[in-house]
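Please treat every number below as a calculation from the coordinates, not as lab data. The shown structure was predicted, so the numbers you read here are calculated from the model rather than taken from an experiment. Positions of Cβ are backbone-derived with ideal geometry, glycine not excepted, and every protein chain shown enters the neighbour counts.
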Amino acid sequence: MRTKKLSILLLVAIGCGGSAAYSGGGSDVTATAESSGGESRGADMSAAGPTGYGRAVGADTGGYAESEEMAPAPHQPPAALAPVDSAAAVTTTTTSTVTVETVTEITVAPEPVPFQQQRALLTAASVGDHDRRDNYLDFLGRQSHFGRELGIDPSRRVRFRVVDGRGVPVNDAQVDISIGQGVVAGRTHADGIFDFHPGVLVPGLYGPASARITAGQATRTVAFHVPAHGDGGEVLLRLEGTHTAMPAALDLAFAIDVTGSMEDELRYVNAEVTDIVMRIRQASPETRVRVAATFYRDRTDREVVQQIAFTEDVRAFAGAMAGVRASGGGDYPEDMNAGLSASLGRLHWSTGNAARVLVLIADAPPKLYHDAGYDWRNAMAEASARGIRILPVAASGADRKVEYLFRAMGSVTGAPYVYLTDDSGVGNPHQEADTDRVAVEYFADMLTRLVISDLRGEGMHEPGVFGPYRQ
């Protein structure tokens, strides 16, 4: 299908202009590396890697309760939900030093640092498959051979919408769907929505089913129907006695393919990340914002995975990120599965009333390793269970198979599909999405807009009149 593309850049003015006081919060970042030869989920990443990436030497939670445990294993039901109307319900773990290459320590300045917005460079477009279902189902029909190849069916969906007694969306409500003797777990986002995709999470499940929804002390059980084809409608649940609040924390993590073909995009993403986070902080000063990153290559490379732990110090984060170079690869597929495993299993994500976003930037599909204990299917299920949006971004060189997989990831976890465009002149040619129309934005503006909209309880949507909740 030929894509209609608006010929103007949408200059989104969310939190732009002026200056903002920067508060480091006493948290910094440690970059770690993993040698090639595969990875084991939950393995210790603190030992120094081949290029001198070192270990964290302490922790500072900035007044939040600290968790000593690693993130839950795939498909393990999350811990009991804390009350959703309190900032204290957010549990985070952060490292306290910056160790990059030669173990250089970066100290957070005690005084506010004025922030000046940088000029955006990368351009991108978004496709809101979770909103425009008819358009998405048409795409799935045209590209059905990829669904058969990957063994997933993203066409079936049941949407759960959870609100409190006032009709306000409930963030981080637990949704437990009974399937025989087991349970499929999910969590709502700040817009109160959890989209259940049985054709991805539980292939073969259809017919009558039930779900138990819990938020704080409020619990409801509801019967619903799992469709054999298409959408099963929306299940609206009102939890009386629950008082909600906007997310008290934002975890914004990046998972980036850093093989040689990604050099141009990596350089520009590095240059724009500080601007993105600062504008989010300007727009949501009451929200604690942390950033993290995972960089992955392939097993044939010296360093398969490098990682920067969650931190509030965005300048130190950007400095650590700038020290990572795109290299290696060779063939087309890369070890995306190792990157997703490290992102979801080794980063200490906040729990409770928080917004959680993993921005996945890649130009190649995941390589199949038969001895891998974790793959993109596990990642989609785990992100869905823990309320983490996977925001996929296709870079130059990404083909239609990458688009199919990325659009499934976004749809299952409540995020649009994003792809970089040729309008910026950065990188190799970019494939247009197989959709009816898109609008081109600066990538920094787009990511800022999507995250701010999420924090406001409005979800993530296409820009302007394309989105159902925007005027």
Wrap a convex hull around the Cα atoms of region 165-266, take a quarter of its surface area, and give that in square nanometres.
-> 9.7
Hey, rough spin-label estimate for Asp422 and Arg325, points 7 angstrom out along Cα→Cβ, what's it come to in nanometres?
-> 3.1
Filter the trypsin sites (Lys or Arg not before Pro) in region 289-339 to those in DSSP coil with at most 10 other Cβ atoms within 10 Å of their Cβ, and list the result.
-> none
Can you give the relative contact order of region 156-239 as a percent, counting alpha carbon pairs under 8 Å and 6+ residues apart?
-> 40
Would you order Leu344, Leu266, Leu447 from fewest to most other beta-carbon atoms within 10 Å of each residue's own beta-carbon?
-> Leu266, Leu344, Leu447
Inter-site label distance for Arg220 and Arg238 at 7 Å from Cα along Cβ, in nm = 0.8
For Asp251, net neighbour charge (Lys/Arg +1, Asp/Glu -1) across residues whose Cβ lies under 10 Å away | +3
Calc'd 3J(HN,Hα), region 157-170, phi into Karplus 6.51 cos²θ - 1.76 cosθ + 1.60 (θ = phi - 60°), Hz, glycine/Pro = x, comes to 8, 10, 9, 9, 10, 10, 10, 8, x, 8, x, 7, x, 9
Most exposed to least, judged by fewest other Cβ atoms within 10 Å, Arg449, Arg133 sort to Arg133, Arg449
Can you pull the one-decimal nm distance between simple spin-label points at Asp231 and Arg142, each 7 Å off the Cα toward Cβ?
-> 2.0
Total charge of the residues flanking Ala185 in space, meaning their Cβ is under 14 Å from its Cβ, with Lys and Arg +1 and Asp and Glu -1, is -1
Where nothing but the Cβ of Lys and Arg (+1) and of Asp and Glu (-1) is charged, how large is the charge dipole of region 156-239 around its Cα centre, in debye to the nearest 20?
-> 120
What fraction of the DSSP beta bridges in region 156-239 is antiparallel, stated in percent and rounded to the nearest 5?
-> 75
Relative contact order of region 394-453: what whole-number percent is it, with Cα pairs under 8 angstrom and at least 6 residues apart?
-> 34
Can you give me the Cα centroid spacing of region 140-161 and region 398-452 in angstrom?
-> 18
